[in-house]
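Encoded as C-alpha cells, the structure appears first; notes follow it.
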Amino acid sequence: MRRKLVAANWKMNGSRVANSAWLSAFAAPHAPLACDVLVCPPFPYLEQTGMVLRGSGAILGAQNLAAHEPGAWTGEVAGEMLVDLGCRWVIVGHSERRQHYAESNELAAIKARRAQDAGLLPIVCVGETLAQRDGGETVAVVGAQLAAVLAVMSAADLARAAIAYEPIWAIGTGRTATPQQAQEVHAALRAQLAKIDRSASERTRILYGGSVKPGNAVELFAQPDIDGGLIGGASLVAADFLAICAAAK
Ligand code: PEP
C-alpha cells in the first residue's frame, strides 16, 4: 500500500505577507490528513515556510536545484543548501524548466541524481505536449524521460522518491487529463519500472499533475496507479490545497 503524497508547487508566486496568510490558513485546525503533504515555495521563502511548517506535519521542498556540487556556479542553489534549509524533497524536470530553460531529459536525470547525492528526494516530472499526445507518442515520450533517469539512478532509489506525470497540455490550462487517461500513463510508467525491478515499481509513488482542483481530485486519486498529486495553481489558495489533500486517502 503506497501512502499518497500531495505536493504544492507555488511556482514563482508569493511574498512574505502573502505566504504568512497562506501558512496561517494552512495551520488552522482541520481534520487530520491521511497523506504526506509537501510544500515547495520559491527559494527566497524556504526559510519562512519551513519555520512555520515545523510541527505541522507538512514537509518542505524546493522547485529546482543546481546540477552541480557547491562551488563557482553564480546564481545557482546547491542541493546541500536546500537540505541545510530543511528541505526533504525537490522537484526536477518540471515542464516549465524543460520548456523555458532548455532542460533536457539528461539534465533532469543529472539533477535527480544530484538531489539524491545531496540527501534530497527528487520528484521527477515527465509529460508530453498536446502534439505528442495527438500523435500517439505519449508513452514513448514519458518512457524516454523516465529511462534517462533510470540510466543514472536505480529503480530502488527512485522508489524512495517519486515520479510526477504532468501532461504539458494540462498544466495551468484548466484542462485536466481524464482519470482514465492519467491512469493509463501511470500504469505504463509502473510497468516500465517493473521490467527492471518489480518490487521497486510497487513502492514507487507516481503523482499526477495538471489542473488538479478540489472538484476533480477525488476521482483522479481513486485510480489504482495515481498516488497523489503535484498541484500548481490550486495550491496557491490554502483552503483549496487542503481540500485536495483531504481527497488523498
Ligand atoms: C504544476 O505546476 O506542476 C502544475 C501541475 O500546475 P497546475 O496545477 O496549475 O496545472
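The values are calculated or read from the model by the stated rules, or taken from the named source; none is laboratory data. Everything quoted here is computed from the prediction, not taken from an experiment. As a convention, Cβ positions derive from the backbone with ideal geometry for all residues, glycine included, and neighbour counts pool all protein chains shown. Areas reflect the complete protein model, heavy atoms only, side chains present, ligands, DNA and RNA absent. Shrake-Rupley method; radii C 1.70, N 1.55, O 1.52, S 1.80 Å.
Overview of results
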| quantity | calculated |
| --- | --- |
| Neighbours by Cβ (under 9 Å, 6+ apart or cross-chain): first from segment 61-79, polar (S, T, N, Q); second open to solvent by 60 Å² or more (accessible area, probe 1.4 Å) and assigned to a loop (DSSP other than H, G, I, E, B) | Q63/M12; N64/Y101 |
| Residues that are assigned to a loop (DSSP other than H, G, I, E, B), farther than 21 Å from A112 by Cβ and open to solvent by 40 Å² or more (accessible area, probe 1.4 Å), drawn from segment 49-74 | R54, G55, S56, G57, A72, T74 |
| Long-range neighbours under 6 Å by Cβ, at least six apart or interchain, first residue among the aliphatic types (A, V, I, L, M) within segment 13-39, second open to solvent by 40 Å² or more (accessible area, probe 1.4 Å) | L23/V52; A27/S56; A34/K249; L38/I59 |
| Residues (of a type outside the set (F, W, Y) and either open to solvent by less than 40 Å² (accessible area, probe 1.4 Å) or assigned to a loop (DSSP other than H, G, I, E, B) (or both)) located in segment 239-248 | L242, I244, C245, A247, A248 |
| Residues located in segment 1-44, provided they are in a helix (DSSP H, G or I) and surrounded by fewer than 19 Cβ atoms within 10 Å (Cβ to Cβ) | R16, V17, A18, S20, A21, S24, A25, A27, F43, P44 |
| First in segment 218-238 and open to solvent by 20 Å² or more (accessible area, probe 1.4 Å), second anywhere and among the aliphatic types (A, V, I, L, M) and assigned to a loop (DSSP other than H, G, I, E, B), Cβ under 6 Å, 6 or more apart | V218/A247 |
| Segment 184-210, subset β-branched (V, I, T) and closer than 13 Å to R2 by Cβ, residue farthest from the ligand (Cβ to nearest atom) | T204 |
| Hits in segment 114-140 - residues which are away from the ligand (no atom under 16 Å from the Cβ) and surrounded by fewer than 19 Cβ atoms within 10 Å (Cβ to Cβ) | D117, G119, A131, Q132, D134, G135, G136, E137, V139, A140 |
| For K213: the one exception among (1) surrounded by fewer than 22 Cβ atoms within 10 Å (Cβ to Cβ); (2) touching a residue at least 24 places away in the same chain (Cβ under 8 Å); (3) closer than 19 Å to R3 by Cα | (3) |
| Looking only at segment 99-110, and only at residues there that are under 19 Å from G79 (Cβ atoms) and within 16 Å of the ligand (Cβ to nearest atom), the one that is surrounded by the most Cβ atoms within 10 Å (Cβ to Cβ) | A108 |
